[in-house]
Amino acid sequence: MVPRREEEDEEEEVHSVVDADFHPALRSRLLAFSHRKECSFLHLAPLKAALDVGAWLFNVSTSVGIIMVNKQLMANYGFRFATTLTGLHFVMTTLMTVGLRFMGYIQPSHLPFLDLAKFALCANFSIVGMNVSLMWNSVGFYQIAKLSMIPVSCLFEVLFDNIGYSRDTKLSIMVVLFGVAICTVSDVSVNAKGFVAAVIAVWSTALQQYYVHNLQKKYSLGSFDLLGHTAPVQAASLIVAGPFVDYWLSDLRVDHYSFTFAAVFFIIFSCLIAVGVNLSQFICIGRFSAVSFQVLGHMKTVLVLILGFFLFGRQGLSMQVVMGMLLAVCGMVWYGNASSKPGGKEKRVYSLVSDKVPKSIDDEELGVKN
């Protein structure tokens, strides 16, 4: 809660600004408008918090679920065609968006072809780049590359959106990165082609996630709307290119795979969960930002480690891994608290005080007639 003295100071400041900058005829209406907006915000804050938590739980549960299903599919049934499987994921997602559009849940909207092409290119490079990076690099370096997405996402927000971070926010991100590194990084070996693949994967993934947030805000698109534009393009491109990429990566042809009933069941199950993964990613990044999505998303890494131990008979969790998990979770909690404080993470605005009524307050709401 804000102390009463600070509330009084803020109220006096508002009155002084209004007295200094606006015509006397507008003072009372401006103050009434600001109080009305503040009361509306306070009333909606609990609902927004509940929706935020729901979005995160939706993303975490579907992301962890699809990892478990895909591990089962690849380890037990030998379906190692990751790029083709991702193409099937987007085919299912496309069918979902077509159904939602038919039922009226997705309204007609416009996304310029150039923006759509840039997004699809980054997204597909991200998928292929991650698969190639995992094949050409050690697991340790692959995990380090994934962790580096957070600094790259921060750089995009600073350069493109003029976002500033407080000291506590920066330190909390470092704690998360350090904790996850303790959990996942073991052997670290680097080679030239693996390093190039990792760089392409990291930058394309960070840029794709930035585009998700940017395009929704720029064109006033909802999560369903944006997914309706992008999913068909990604489905078509990955279904065509996927088998060739998988053959290049594994020397295995998908048309030579022996599809059993159990394998088909897990493929369909994976595609159904992928719809939730794709949708929840767009919802979360749209509501927050790519950086927040990456930071708090490392909770999925912790859950995957725990579930992998129970479901796949991995060796026991060592003290190092447990300490890394605890450190990462503490960093996530710290990040959530630090970034939500005033100045923790916000857009820098450089502008002079105007002597005009702000554009967000229109004449109709103020009751002013020309």
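The values are calculated or read from the model by the stated rules, or taken from the named source; none is laboratory data. It should be emphasised that the depicted structure is a prediction, and the values quoted were computed from it without experimental measurement. For neighbour counting, all protein chains shown are included, and Cβ atoms are generated from backbone atoms with ideal geometry for every residue, glycine included. What goes into the accessible areas is simple: the full protein's heavy atoms, side chains included, and nothing from ligands, DNA or RNA. Shrake-Rupley method; radii C 1.70, N 1.55, O 1.52, S 1.80 Å.
Based on the mean of other Cβ atoms within 10 Å per residue, sort peptides 263-271, 219-227, 287-295 so the most packed one is first.
287-295, 219-227, 263-271
If amide hydrogens are placed 1.01 Å from N in the peptide plane, which non-local residues have theirs closer than 5 Å to the one on Ile106?
Here the answer is Arg101, since their amide H atoms fall under 5 Å of that of Ile106.
For a 27 Å ceiling on Cα separation, which of these pairs sit above it: Lys146/Lys170; Lys217/Lys341; Lys48/Lys118; Lys218/Lys300; Lys71/Lys218?
Lys48/Lys118; Lys218/Lys300; Lys71/Lys218
Kirkwood hydrodynamic radius (Cα pairs, Å) of segment 54-191?
18.5
If R₀ is 41 angstrom, what is the calculated FRET efficiency for the pair His110 and Ser258, using the beta carbon separation as r and rounding to 0.05?
Once rounded, the FRET efficiency stands at 0.35.
Just to confirm a number: summing +1 for Lys and Arg and -1 for Asp and Glu over residues other than Gly222 whose beta-carbon lies under 14 angstrom from that of Gly222, what do you get?
Charge balance in the 14 Å sphere: +3.
Dipole magnitude of segment 61-163 about its Cα centre, charges +1 at Lys/Arg Cβ and -1 at Asp/Glu Cβ only, in debye to the nearest 20?
That gives segment 61-163 a dipole magnitude of about 340 debye.
Return the carbon/sulfur percentage of the accessible area of segment 153-243, one whole number, probe 1.4 Å, all protein chains in place.
Carbon and sulfur atoms account for 70 percent of the accessible area of segment 153-243.
Give a residue-ordered list of calculated ³J(HN,Hα) values for segment 56-70 (Karplus: 6.51 cos²θ - 1.76 cosθ + 1.60, θ = phi - 60°; whole Hz; x for Gly, Pro).
5, 4, 4, 5, 5, 5, 6, 5, 5, x, 5, 5, 5, 5, 5
Below 8 Å, C-alpha to C-alpha, sequence gap of six or more: please give me the relative contact order for segment 125-264 in percent.
37
Take Leu171 and Trp248, extend 7 Å from each Cα along the Cα→Cβ direction, and tell me the distance between the two endpoints in nm.
Result for the modelled spin labels: 4.6 nm.
Convert each backbone phi in segment 318-327 into a coupling constant with the Karplus relation 6.51 cos²θ - 1.76 cosθ + 1.60 (shift: θ = phi - 60°), then list the ³J(HN,Hα) values in order as whole Hz, x for Gly and Pro.
Rounded to whole hertz, the list is 6, 4, 4, 5, 4, 5, x, 4, 4, 5.
Counting only protein heavy atoms, what percent of the accessible surface of segment 40-125 is carbon or sulfur at a 1.4 Å probe?
Solvent-exposed carbon and sulfur of segment 40-125 make up 76 percent of the total.
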